Amino acid sequence: MRKRLLCVLLAAALAASAGCSRYAAAKEFSLFAMDTLVDVTLYAGERGAVDREQAIMSGAVSSMEKALSVTHEDSDVFRINREAGRSGAAVSGETIEVLSSALELCELTGGALDITAYPAVKAWGFTTEEHRVPSPAELEALAAQIDYAAVELEGDTVTLPAGIEIDLGAVAKGYAGDWLARDARGNGITSALLNLGQSTIVAVGSKPDGSPWRIGVVDPARPENYFAVVELEDCAMGTSGGYQRYFEQDGEIYWHILDPDTAAPARSGLASVTVVSPSALTCDGLSTALFVMGLEEGAAFWRDHPELDFEAVFVTEEGEIFRTAGLEGRFSLAEGYTDREVTVLE
């Protein structure tokens, strides 16, 4: 499924970038990190700039994975979890930066995003693909352990109570995308598209011809298709949906997006949420949080937090489409979906 979704997302971007080959320098390459494939297309005024940026990006992504991976035994996050209930773990400034941003989003969303849900994610088997359905009693115990407010930051030291573990997977790809885009701009890259796995896209500038990048939004009911296109310029887009990772047991579908209140898959009535923002980290974190909140609460959150500078597209389990007003002129239905009704949230 991951490869198929990646192809769908790339199809819109690559089709839209046709005709850009005349630009003086262009380079496409892929990196594998943070359990995902990172596809990069760079454009600049001279070949040396894109060659240098490829080397920088490769090293940076590898460094981020070593710091932020929840499974890498030498990573900061792994050590934080290993030291839970003890004196705490001293970590890099990079990890503190990501963790601080993640905890801020946890607080702003009232815990709809909670980076301490990792024990529940493991209990469902989403880390090993050995899936199982925990009992009600186990879920109750797991939910009681989910509490982002229990994470303590003091200088470069992170301390967790016993039984609590963190996972920065909901924001790590977004953080990486923001860092890579910022570095590219600072090193002479005038136009780039960064595709971080199946859910996060970052656009640096516009396409070389001055037009916006056009990115497909996956139809959660038919993930081989995209139902809409969003135009991006110096912006990011992140999507969370039940179709991305799930398993089926006894006729019931269980997806990887968990509700921190129940430690079980979030049943909010939504099939997917796409967030558009200048910050890829914001896109990643909020797409998860809004999925957990559901349409009504998610729309209210958008209205109440203009300082976060984001727009959103909600798709319900019934296939209804809602988008926020700020996407006017940047959102359009794809071929085959033009007869669908889109409700604009004001």
**Study point:** Spherically averaged projected area in nm², based on the convex hull that wraps the Cα atoms of region 68-170
**Key:** 6.4
Point to revise | Per-residue [θ]222 nm for the chain (sum of -39500 (n - 2.57) over DSSP H runs n ≥ 4, rounded to 500) | key: -10500 deg cm²/dmol
Exercise for review: Given the options GLY329, GLY285, GLY238, state which has the largest fluctuation in a GNM of the chain using a 10 Å cut-off (strictly under) for Cα springs.
Suggested key: GLY329
Review point. In debye, nearest 20: dipole of region 68-170 around its Cα centre with unit charges on the Cβ of K, R (+) and D, E (-)?
Key: 280
Revision key, fill the gap. Taking only the Cα positions of region 129-238, the convex hull volume per residue in Å³ is 172
Check your understanding: Hey, fewest Cβ within 10 Å first, where do THR262, THR71, THR288, THR324 land in order?
Key -> THR71, THR262, THR324, THR288
Exercise for review: Within 10 Å, count the other beta carbons around each residue, average over each peptide in 173-186, 218-231, and list them highest first.
Suggested key: 173-186, 218-231
Revision key, fill the gap. Mean-square fluctuation maximum in Gaussian network of the chain, Cα pairs under 10 Å, restricted to LEU139, LEU105, LEU160, hits LEU139
Practice item. Please work out the C-alpha center-to-center distance from region 29-102 to region 121-194 and express it in whole Å. Key: 13
Practice item. Fewest Cβ neighbours within 10 Å first, please rank THR41, THR338 accordingly. Key: THR338, THR41
Study note, to complete from the structure: Between the alpha carbon centres of region 297-321 and region 201-270 the gap in Å comes to 13
Study note, to complete from the structure: Filtering the chain for DSSP H helices with an axial alpha carbon extent of at least 30 Å and a Kyte-Doolittle mean of at least -0.5 returns 47-68
Review point. Got a sec? How would HIS305, HIS256 order by Cβ neighbour count within 10 Å, fewest to most?
Key: HIS305, HIS256
Review point. Over the chain, what is the mean sequence separation of C-alpha contacts under 8 Å (at least six apart), divided by residue count, expressed as relative contact order in percent?
Key: 17
Practice item. Place +1 on the Cβ of every Lys and Arg and -1 on the Cβ of every Asp and Glu in the chain, take the dipole about the Cα centre, and give the residue among LEU31, VAL218, ALA137 whose Cα lies farthest towards its positive end. Key: LEU31
Point to revise | Peptides 27-40, 269-282 ordered by average Cβ neighbours within 10 Å, highest first | key: 269-282, 27-40
Study note, to complete from the structure: The size of the Cβ-based charge dipole (Lys, Arg +1; Asp, Glu -1) of the chain about the Cα centre, to the nearest 20 debye, is 1240
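Each reported figure results from applying straightforward, stated rules to the coordinates on display, with no laboratory input. Since the structure is predicted, the reported quantities are computational estimates derived from the model, not experimental observations. Counting neighbours? That spans all protein chains shown, and the Cβs are built from the backbone with ideal geometry, glycine included.
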